[in-house]
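Undergrad: Below you will find the structure I want to go over with you.
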Amino acid sequence: MIPTNNRELSWLAFNDRVLQEACDPAVPLMQRLRFLGIFSSNQDEFIKVRLAGLIRRAKSRLKCSRRLSGGYLPADLLELVSAKIDKNQKIFAHIYRGVISEMEECGIRVINETELSEEQRRFCLDYFASVVSIRLVPLIINKAKAFPDLLDDQIYHGVKMQRGGRTSYAIIRIPVSSDSPRFVELPSPEGRHDLIMVDDIIRLCLNDVFFMFSYDHISAYTFKIMRDAELVLDDDISTSLMEKMEDGLDNRLKGRPVRMVYDEQMPEDLLRLLLGKLKMNTGQLVGSTRYHMMRDLMNFPKVRPDLEEPKSPPLRHPDIAPFTSLLKVVRQKDILLNYPYHTFNHLVDFLREAAIDPKVTSIYITLYRTAERSKVISTLANAARNGKNVVALVELMARFDEEQNIRSVERLQQAGVKVLDGLRDLKVHGKIVLVERREGSGTRGYVYIGTGNFNESTARLYSDLGLFTSHPGLADDARAVFDFLLNTHKHFSCKHLLAAPYFMRPQIEQLINREIRNARAGKPAYIHAKCNTLTDERMVRLLYKAGQAGVDIRLIIRGACCLMPRVKKQSENIGAVSIVDKYLEHTRLFLFCNGGQEKAFISSADWMTRNLDKRLEIAAPILSESVRRALRDFFDIQWADNVKARDLTDMGVNTYVSPEGAPPLRAQTAVYDYYLKALEKGNANAG
């Protein structure tokens, strides 16, 4: 086994970098609070997916003796990972207390039900009556009654009621949604902003919830459970994938609990009762403060904009003038968009134009994750109503977005869109659009290929690339992809696109081997790559081989990286960094020297086994020289970051990259400035 970092420990090291942002005094105060929310969300997902999977492996007789990346046995790794999670939770709590203290110094207080003024108390009572109470369904717990299925993405109050020697128990789900936010702004004195969690509003109003019961004392203690997020579908061939998905989501509610986080002040009798009903043991318990599900910190109200990270407005692409035909622009040249620096509206406008253009006959698209109120979904529905042939592959197996995708399928089908439910054994993760338009005596294809989802909400927060092109060869390849999705018994091949799971891996390996041959022949050779995750062992092994041959390898890896850079006699020519900043780095970009004729690709796929071998993924070659130069500039700016980049040489240390004497360069700011200058230059030339 080649020496590698362990995937789980490397991912936890990434979440450490998120915590670094949360405790960095140079980061605006309210942004630090939001990084705590991001950390919490990440950690919960890790527990439900990676930790749960590790527990299954440790218990499996067939898998418990198989070593994992880094050479760990499952049981040993489980112990290390569990300890790391617990340690990070303590660090989180410490940072959170510090941030809350700093917020109080700035006049922002998060108070509980015992700290309210009389005016604030009246406000909370009214708020409970008008907003919260209608969303509450208290559940009484007793030995004879079946215990309800508790959701793993919700928080609950365990309620204890006492009268004399008699005790009753209940559960209340704490409602959190866009209509009932976790943090509620209170009437406050001038110059101050007081807020309260909806958890504490419910505590204040417990007597109103349980008015029909007789008790001398009542109290509530928050808890949450995290279940194994594995989604198991049955093999009944008589049911559709949609029906299987709906059943699978129902079954996920009953998935095995992995952990229970609870208020340490919870009485022992209530805790024992919950453990027994949930069929959990004390080893799965995590004692904490009275507040859980801290991912909601990401949605903390913006009460002090001056303490927030300033967000620069998305830019128009210099080649796309307002109120112009995007199809006409793309007919003339390839266009590269880089979100969130460029506006996502360009893609929405492209689809809207296609939806009403009388010469457009068909729109094909793959959908993985979309916004809750998606303009993309609405536009596709309108295109179908306008008589276009609209075909949408909706990937129902997008983890944690399955319910949203099922709702999207229903909307699309009602509008007349032909919806493909996804493939039973092949997750479709590629991001591609094909618009077909009658032109002259034939049909021209317009293609969009991206590294990120067709989601206007995340496009404001994630750094991604998207390519518009009308290149005939790429359009033919896009047709081949959609022909395969419509007729999955057919074999397909592409002349230009790299398509997984059939061709992407061997083609990338061929590109790497070419760099190895060139390096051994004394020619310039490099591999410069940016992706979210690098965990595939074959890719790691081949990159080690390339580095040892003298290929200059530069890797920008946001999350887990199993490759160990800068190891003597193994990876001395390989450097690896990770950038964590205000935008989530989500771009996949691969650059190869190719003997001086640089080849560039943008891709939906990370260098992970699941992406290369088990999913339909798309990588697009950049055939436009101007677009390729822009991608080279983008990579070079990111590689030069010495403000938010961390060196991955020592996993878990997360040392900031800080070359001596170099002026500060924050890549995300520099990239925005790069595109702003391009826009200003374009405006000047147009004028």
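Undergrad: Along the three principal axes, how long is segment 116-309 when you take its alpha carbons, biggest first, rounded to the nearest angstrom?
TA: Ordered largest first, segment 116-309 gives principal extents of 64, 52, 32 Å.
Undergrad: Next question. Excluding same-chain residues fewer than 8 positions from residue 87, which aspartates and glutamates have a Cα within less than 16 Å of its Cα?
TA: Those aspartates and glutamates meeting the cut-off are 8, 16, 44, 79.
Undergrad: For the charge dipole of the chain, defined by +1 on Lys and Arg C-beta atoms and -1 on Asp and Glu C-beta atoms about the Cα centroid, which residue among 189, 11, 144 has the Cα displaced farthest towards the positive pole?
TA: Result: 11, furthest along the dipole toward the positive end.
Undergrad: Using every pair of alpha-carbon atoms in segment 560-664, split the distances into 5 Å bins beginning at 0 and state the percent of pairs per bin, rounded to integers.
TA: 2, 10, 16, 19, 22, 19, 10, 2, 0, 0
Undergrad: What do you get when you divide the Cα radius of gyration of segment 499-556 by 2.2 N^0.38 Å, with N the number of residues?
TA: 1.11
Undergrad: May I ask you to evaluate 6.51 cos²θ - 1.76 cosθ + 1.60, the Karplus curve with θ = phi - 60°, for each residue of segment 617-626 and list the ³J(HN,Hα) values in order in whole Hz, giving x for glycine and proline?
TA: 10, 10, 10, 9, x, 8, 9, 8, 5, 5
Undergrad: Sequence neighbours fewer than 8 away in the same chain don't count; with that in mind, list the aspartates and glutamates whose C-alpha is under 19 Å from residue 545.
TA: By straight Cα distance, residue 545 reaches 509, 515, 536, 537, 572.
Undergrad: Please report, in debye to the nearest 20, how large the charge dipole of the chain is about its Cα centre when each Lys and Arg carries +1 at its beta carbon and each Asp and Glu carries -1 there.
TA: In total the dipole reaches around 1980 debye.
Undergrad: If you count, for each residue, the other Cβ atoms within 10 Å and average over each peptide, how do 73-83, 657-667 line up from highest to lowest?
TA: 73-83, 657-667
Undergrad: Could you tell me the center-to-center distance, by alpha carbons, between segment 567-608 and segment 264-323 in angstrom?
TA: Cα centroid to Cα centroid, the span is 31 Å.
Undergrad: Assuming R0 = 22 Å, what is the FRET efficiency of residue 510 and residue 623, from their Cβ-Cβ distance, to the nearest 0.05?
TA: Step by step, r from the Cβ atoms, then E = 0.75.
Undergrad: Sort 103, 266 by Cβ crowding within 10 Å, fewest neighbours at the top.
TA: Ascending Cβ contact count within 10 Å gives the list 266, 103.
Undergrad: Can I ask one more? In the chain, if the dipole is taken from +1 on Lys/Arg beta carbons and -1 on Asp/Glu beta carbons about the Cα centre, which of 408, 134, 390 is farthest to the positive end?
TA: Result: 390, furthest along the dipole toward the positive end.
Undergrad: Now for a different question. Could you line up 29, 461, 150, 616 from fewest to most neighbouring Cβ atoms inside 10 Å?
TA: Ascending number of Cβ neighbours within 10 Å: 461, 29, 150, 616.
Undergrad: Taking the number of other C-beta atoms within 10 Å as the exposure measure, put 320, 602 in order starting with the fewest.
TA: Exposure proxy ranking, most exposed first: 320, 602.
Undergrad: Here is a further query. Would you mind checking the tilt of helix 667-686 against the longest principal axis of the Cα atoms of the chain, expressed as 0 to 90 degrees and rounded to 10?
TA: Approximately 50 degrees, to the nearest 10.
Undergrad: Would you list the P(r) distribution for the chain, with all Cα-Cα distances sorted into 10 Å bins from 0 and each bin expressed as a whole %?
TA: Over the chain, the share of Cα pairs per 10 Å bin runs 3, 13, 22, 25, 21, 11, 4, 1, 0 percent.
Undergrad: For residue 311, which lysines qualify as cross-link partners when the Cα separation must be under 29 Å and same-chain residues fewer than eight apart are set aside?
TA: Cross-link targets: 302, 375, 431, 530, 582, 644, 677, 681.
Undergrad: For the chain, what is the relative contact order in percent, using Cα pairs closer than 8 Å and at least 6 residues apart in sequence?
TA: Worked out over the chain, it gives 12 percent.
Undergrad: Another question, if that's okay. Can you list the HN-Hα couplings for segment 27-33, worked out from phi with the Karplus curve (6.51, -1.76, 1.60; θ = phi - 60°), rounded to whole Hz and with x for Gly and Pro?
TA: Each residue of segment 27-33 in turn: 7, x, 3, 6, 5, 4, 4 Hz.
Undergrad: Kindly list the residues of segment 578-600 that lie in the label zone of residue 650, defined by a backbone N under 20 Å from the point 7 Å along the Cα-to-C-beta vector.
TA: 578-580
Undergrad: When averaged across all projection directions, what area in nm² does the alpha-carbon convex hull of segment 326-493 cover?
TA: In nm², the orientation-averaged hull projection of segment 326-493 is 9.5.
Just so you know, all these numbers are worked out from the coordinates, no wet-lab data involved. Owing to the predicted nature of the structure, the values given are computational and were not obtained by experimental measurement. Glycine gets a Cβ as well: all are built from the backbone with ideal geometry, and neighbour counts include every protein chain shown.
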